[in-house]
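The values are calculated or read from the model by the stated rules, or taken from the named source; none is laboratory data. Given the structure is predicted, the values throughout are model-derived calculations rather than measurements. Here the Cβ positions follow ideal geometry from the backbone for every residue, glycine too, while neighbour counts run over all protein chains shown. With ligands, DNA and RNA removed, areas are computed over all heavy atoms of the protein, side chains included. Shrake-Rupley method; radii C 1.70, N 1.55, O 1.52, S 1.80 Å.
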Amino acid sequence: MSSGQKTVLTFLSLIYGLIVVILVLFLRWPVWIWLGSVSLLLAVWITVAVVAARARQRDPFPPGSLIEQPAPPVVERRELHITRVPLPSAVPDYDFLFSARVRWCPVDSTAADQLTNPGALAVEAVLARARAITWAVEPFRSSLVQHELNGALGVMAPDRENRVQAMALDVVLTLSEADQERLERLAAIRKDEAIWEHQRRYEQNKREYLSGDVLTSTGSAVVWWLAKNDDHVEKTVKDIGLLARLSSAANNSEVSAPFRHLVLDAFPPPPVPERPPSALQPDEPPVFGSPEADAADLIAEAFRRVGFRPGDDEGLLIVDQLAMAIAPRDAVTAEEIRRRFGVGGSPTAAHPHPNGSGPPQMQDASEGPSEPF
């Protein structure tokens, strides 16, 4: 009897018992009818139990009803250890070193072929599967490829002759210490080279930007400088001369004519033609800073600016005092000053002051010319 049948029988028995109890209570049947109903329910239960017991004792599959199959043969599995077997990588002369535990079993366990070495076939099959993966991988990816090999070789697969099935366990893929050191050095060099290349391109782009855009002319240089210093306009104006020189140097050319007056050291004023001192007239003062202007010319120009007229006694007195002060240092220049301004004689020949000091006596205006004033 199944569990479903037992459930249905139990449910019907409960319903039957409830009906009997209701009839006894409401219809007030005699006691013998109530006892008969209970006895009938017990008889049904006993019958069902006997039938279920006999069904359990009976064999569901009598002898001869099933076809007996032979037991499967016992599969023999064997293992071999291989250590540091070179496998090719994507870079020549950099081989991986492969180590693993090779497990194998014959495809046909009933064959008694003694002319083959199944262990060697298993190792060759595993190495061929590993070599198909490593030959396209960079050698510095050994750790990553090791996990890939563990997954790819972790499944039993037949060899090319279909004689054995082999797999690899505990795969270890490494490089020799010398190759690992070389790869680390090459990686460091490549990184440094990449940094240097980026710096070189940055400097090249910067040079092209400055020479081909910023410093093509003085105007473009001024605009660029003003854009970088937009809150310092006065400073940009002061730097126009410097920017003009930069743009001319960047283009190997001279400073443009409109900006040459801002570059005084590169374009000095034209020299004044040389003239003899005697050609100087009162209305043509010598040019200060010119090579031909001597001490007498400078004194004459100073007197003109102050307002001394030719022949003024005050001017002659000042000239004589200057000549006396210059004489100890440069007697030739002092004598030239006296000669040019018409001051009489050297200090030793001059008439002394009545008190024994002071400048020598001035000569009359008729004794010498007074043109320098």
For this session: Of all residues in segment 144-172, count the ones that are under 37 Å from the mean Cα position of the chain (by Cα) and touching a residue at least 12 places away in the same chain (Cβ under 8 Å).
Result: 6
For this session: With the condition kept exactly as written, say whether any residue in segment 168-179 is open to solvent by 60 Å² or more (accessible area, probe 1.4 Å), under 18 Å from residue 83 (Cα atoms) and outside any helix (DSSP H, G or I).
Result: yes
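Could you say which residue among 155, 137 is β-branched (Val, Ile, Thr) and either in contact with a helix residue (DSSP H, G or I) (Cβ under 6 Å, 6 or more places away or on another chain) or at pLDDT 95 or above (or both)?
Selected residue: 137, the only one of 155, 137 that is β-branched (Val, Ile, Thr) and either in contact with a helix residue (DSSP H, G or I) (Cβ under 6 Å, 6 or more places away or on another chain) or at pLDDT 95 or above (or both).
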For this session: Find all pairs meeting these conditions: Cβ atoms under 7 angstrom apart; at least six residues apart or on different chains; first residue within segment 299-326 and on the phi > 0 side of the Ramachandran plot; second residue assigned to a helix (DSSP H, G or I).
Result: 311/365
Seminar exercise, completed: The helices (runs of 4 or more DSSP H) lying entirely within segment 218-261 that contain at least 1 residues which are at pLDDT 85 or above, open to solvent by 60 Å² or more (accessible area, probe 1.4 Å) and in contact with a Lys or Arg (Cβ under 8 Å, 6 or more places away or on another chain) are none
